[in-house]
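For reference, the structure discussed in these notes is given below.
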Amino acid sequence: GGGLGRTHNKEETFARKADEIGYVSKEDVYDLVKAIVATQRDYGDRVQRRHARLKYLINDWGVEKFRSKVEEYFGKSVEPFKQLPDFKYYDYLGWNEQGDGKLFLGISIDNGRVKDEGSFQLKTALRKIVEQFNLDIRLTGNHNLIFLDIEPDKKQTIEEILQSHGVNSDPEKIEPLVRYSMACPALPTCGLAIAESERAIPGILDRIRKLLNRLGLQKESFVVRMTGCPNGCARPYMAEMGFVGSGPNNYQLWLGGCPNQTRLAQPYMQKLKAEELETQLEPMFIYFKESKETEESFGDFCNRVGFDAIREYAGNYKPKSATIAKKLRHRVTVRDDVYDKLKQASESQGKPMTEMVNEAIKAYLQE
């Protein structure tokens, strides 16, 4: 019953974690899956497309009723659920022992985009390794790549190919915010996108890191995910900080997921303008710095204290930064034609409109 897709302003759609149903032996797995599919086929909603998924059937029925109906198709009872070990998030980057005397190598690929760009020649390096060693490849659910079955005596040659093409194989040298982040393709690739994602996240992460450093939180990092629409392809609803596109340059802000991504985040803001990022994040980062428990992650902190406490703190917060303190404190109105020109200039120069307006007004007043 798990699923992350949803639609803005349609509260009947929502992200949902899966429920524990039970346990079956290996030889019964196929028959149980058939029983589950048959239950969904016969009782799933065929009238409303937004309500047609298995997660809504289980949510409407509850686990007990769903299990009972599945058992009717299955022909026998499902055994009680057997507790699993706590899930831990691994990205399998870097060089690792495979367990059979061979090695595997995980390579970080920002947002899954394999490309050559300047001195960073990832596509060329991967092609050379495949052509020379004919290695098996696995693509991971975190936009990364794993080379398998590497003979230990080939490690040095592969490492030299990567280094000569500007590709880093050491995960410890990757900025943690970048390492654990992910964004969907969004604009201009996806027809469903209503906001930037893959092209926007590098700048967003850079701004978050600069803000953390300025506030004395240099050692902190957390899982950031971004999508250009609410369908959730990069799993923002499981992140410690999730950005979900809600319009041009606007995002819902979701908080409260955990580092292992086993807890749903919740919507904190319905519309966060990209240019107001620092204004909105600074109070909650300071609150986190002042009130977090030992070794507590940002997502766990948000989940523990709750959004009411965060909003109350932010409402009484006096910004530490003069820039943030003055930013967006006062509003002025401009004519439509001036606004259109300002927006065009902002997009072409890659600067926030607020920054450009302030620079222009300061220059005018000095004259």
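Okay, here's what the table says:
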| quantity | calculated |
| --- | --- |
| Unit charges at the beta carbon, dipole of the chain: most positive-side option, Pro248, Thr189, Gly75 | Pro248 |
| Normalised alpha carbon radius of gyration of segment 37-190 [divisor 2.2 N^0.38 Å] | 1.50 |
| Amide H partners (placed H, <5 Å) of Asn231, local residues excluded | Arg6 |
| Separation in nanometres of the label points that stand 7 Å from Cα toward Cβ, at Tyr92 and Tyr23 | 2.6 |
| Of Lys210/Lys273; Lys173/Lys219; Lys115/Lys273; Lys210/Lys362; Lys55/Lys273, pairs whose Cα-Cα distance is over 20 Å | Lys115/Lys273; Lys210/Lys362; Lys55/Lys273 |
| 1.4 Å probe accessible area per residue over segment 135-244, in Å² | 44 |
| Highest average packing first - 43-53, 205-215, 234-244, Cβ atoms within 10 Å | 234-244, 205-215, 43-53 |
| Reachable lysines, given that their alpha-carbon falls under 22 Å from the alpha-carbon of Lys26 and they are not under 8 places away in the same chain | Lys34, Lys69, Lys76, Lys82 |
| Bins of 10 Å from zero: percent of alpha-carbon pairs in segment 263-307 | 24, 51, 24, 1 |
| Cα radius of gyration and Dmax for segment 198-262 (Å) | 12.0, 35 |
| Eligible aspartates and glutamates near Lys292 by straight Cα distance, threshold 19 Å, same-chain separation 8 or greater | Glu220, Glu240, Glu282, Asp300, Asp308, Glu312 |
| Helical segments meeting 15 Å axial Cα length and Kyte-Doolittle -0.5 threshold in the chain (DSSP H) | 29-43, 122-133, 201-214, 277-291, 353-366 |
| Unit charges on C-beta of K, R, D, E only; dipole of segment 190-240, Debye | 180 |
| Principal axis box of the chain, alpha-carbon based, largest edge first, Å | 84, 56, 44 |
| GNM flexibility winner over the chain from Ser297, Ser68, Ser181 (Cα, springs under 10 Å) | Ser68 |
| Selection from Met238, Ile146, Met269 lying farthest towards where the dipole of the chain points positive, charges on Cβ | Met269 |
| Length-normalised contact order for segment 89-187 - Cα pairs under 8 Å, 6+ apart - percent | 35 |
| Of all accessible heavy-atom area on the chain, the percent that carbon and sulfur account for (1.4 Å) | 49 |
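The values are calculated or read from the model by the stated rules, or taken from the named source; none is laboratory data. Here the structure is a predicted model, which is why all the values come from computation and not from measurement. Here Cβ is always computed from backbone atoms with ideal geometry, including for glycine, and neighbour counts include all displayed protein chains. For accessibility, only protein heavy atoms count, side chains too; no ligands or nucleic acids. Shrake-Rupley method; radii C 1.70, N 1.55, O 1.52, S 1.80 Å.
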